[in-house]
1. Filter the stretch 122-156 down to residues that are more than 14 Å from the chain's Cα centre (by Cα) and in a strand (DSSP E or B) and give me whichever is nearest to ALA52 (Cα to Cα).
2. If I filter the stretch 23-38 down to residues being in a helix (DSSP H, G or I) and modelled with pLDDT of 90 or more, which single residue comes out as surrounded by the most Cβ atoms within 10 Å (Cβ to Cβ)?
3. State which residue is farthest from ILE198 (Cα to Cα) when the search covers only the stretch 51-69 and only residues that are in a helix (DSSP H, G or I) and without any contact (Cβ under 8 Å) to a residue 40 or more places away in the chain.
4. So if I check each of THR75, THR48, which one is touching a residue at least 24 places away in the same chain (Cβ under 8 Å) and among the β-branched types (Val, Ile, Thr)?
5. Please determine whether any residue of the stretch 91-101 is modelled with pLDDT under 90 and touching a Gly at 6+ places or on another chain (Cβ under 7 Å).
6. If ASP113 satisfies all but one of (1) within 18 Å of the chain's Cα centre (by Cα); (2) acidic (Asp, Glu); (3) not assigned by TED's automatic domain parsing to the domain that holds ARG209, what's the number of the condition it fails?
7. Is it true that some residue in the stretch 64-77 is at pLDDT 95 or above, within 24 Å of the chain's Cα centre (by Cα) and among the β-branched types (Val, Ile, Thr)?
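The values are calculated or read from the model by the stated rules, or taken from the named source; none is laboratory data. Quick caveat: nothing in here was measured; it's all calculated off a predicted structure. All Cβ positions, even for glycine, are placed from backbone atoms using ideal geometry, and neighbour counts span all protein chains on display.
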Amino acid sequence: MASKPKHALLAPSKSEIWLNCLAAPSLWAQLPPPIAGFAANEGTLAHTLCEAALRIDDIPWTPGMKFMVGDDPQTKVEIEVTNDMLNAVQLYVTLVSDLRAKLVWSYVEQRLDISGLWNNGAQAPPDVFGTGDFIGCGDEHQVGWNILYVVDLKYGRGHGVNVEENSQLMIYAVGAWYKLLNERPDLAKNTKLVTLVIVQPRAGGAPVRTWTVPVAEILVWSSMVLKPTIDAINDPHEALELNAGRHCYFCQAGPICPALKALKLVNALDSLPEWVEEEV
């Protein structure tokens, strides 16, 4: 039996790109699989430690310990546990542990898909799924209704991630909602809000950022924006155009993208002083 792919073509983590540039996935398909750099491997280890700590209810590691990280045995690399990493793990684990204690339904490192959007007999695409670091639901005894929580650890240092209207977490929220609806319809019936949480202790600013929005707003977005975009990308007859912009920052197709090349040229020309004139 073939194993399920670990990473989706339309991964939620790349959604800021493909929601703004529908043709980007077709360029990705022309490139070899990306090789994880040091920052990515370091982030993988931090996530692994967080998951393990929540499962054993302890943080037993010490600075200087080393672990092999990577999916491919041929390309595994050794990553060292640092004080920085353990501080991030402690922050995340404390937040999630406190949150989980007051919830009645929760998961750690849970694969989420949004196939529930295709509930009218249409075939759901196989390539949209992701892994939620933590999802949970509860709180009715405190606020009078249930809140769906989606928590994501960002270990990156240089690029602060905005939590408001974060498409990756919104997609996770859609997947978490359908999972909740399937497993605990009694909870879903009285769940009115979604709280998205980003834990990013190394990028400056507030290490924990939250955004609370009505469930209905997330579901409307998924119906009017998310699903139509995915359908268009998967339609072989749809003429898709490349669209360069700020979302290109993390796009792996940047070096071969003609739209980004054209945008850089325009920006370069616009930055020239007005007194620079073409020689005749």
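1. Our first condition is that a residue be more than 14 Å from the chain's Cα centre (by Cα); within the stretch 122-156, this holds for 122-127, 136-149.
Within this subset, residues satisfying the condition of being in a strand (DSSP E or B) are 136-138, 146-149.
Numbers: GLY136: 18, CYS137: 21, GLY138: 23, ASN146: 27, ILE147: 25, LEU148: 23, TYR149: 20 Å.
Applying the filter and picking the extreme gives GLY136.
2. Step one: filter the stretch 23-38 for residues in a helix (DSSP H, G or I), giving 24-28, 38.
After this cut, where a residue has to be modelled with pLDDT of 90 or more as well, the list is 24-28.
On the way: ALA24: 27, PRO25: 19, SER26: 12, LEU27: 19, TRP28: 18.
Once the filter is applied, the top-ranked residue is ALA24.
3. Residues of the stretch 51-69 in a helix (DSSP H, G or I): 51-56.
Within this subset, residues satisfying the condition of being without any contact (Cβ under 8 Å) to a residue 40 or more places away in the chain are 52, 56.
Working: ALA52: 19, ILE56: 23 Å.
The qualifying residue farthest from ILE198 (Cα to Cα) is ILE56.
4. Numbers: THR48 fails: touching a residue at least 24 places away in the same chain (Cβ under 8 Å).
Criteria check complete, one pass: THR75.
5. The initial filter retains those residues of the stretch 91-101 that are modelled with pLDDT under 90, namely none.
Checked the stretch 91-101: no residue is modelled with pLDDT under 90 and touching a Gly at 6+ places or on another chain (Cβ under 7 Å).
6. (3)
7. Initial filter on the stretch 64-77 (at pLDDT 95 or above): 64-67.
Then keep just the ones that are within 24 Å of the chain's Cα centre (by Cα); that gives none.
No, the stretch 64-77 contains no residue that is at pLDDT 95 or above, within 24 Å of the chain's Cα centre (by Cα) and among the β-branched types (Val, Ile, Thr).
Okay, residues lined up against (1) touching an Asp or Glu at 6+ places or on another chain (Cβ under 7 Å); (2) under 30 Å from LEU10 (Cβ atoms); (3) without any contact (Cβ under 8 Å) to a residue 60 or more places away in the chain; (4) in a helix (DSSP H, G or I):
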position: ASP71; (1), (2), (3), (4): no, yes, no, no
position: ILE79; (1), (2), (3), (4): yes, yes, yes, no
position: LEU86; (1), (2), (3), (4): no, no, yes, yes
position: GLN90; (1), (2), (3), (4): no, no, yes, yes
position: ASP98; (1), (2), (3), (4): no, no, yes, yes
position: SER106; (1), (2), (3), (4): no, yes, yes, no
position: GLN110; (1), (2), (3), (4): no, yes, no, no
position: ASN120; (1), (2), (3), (4): no, yes, yes, no
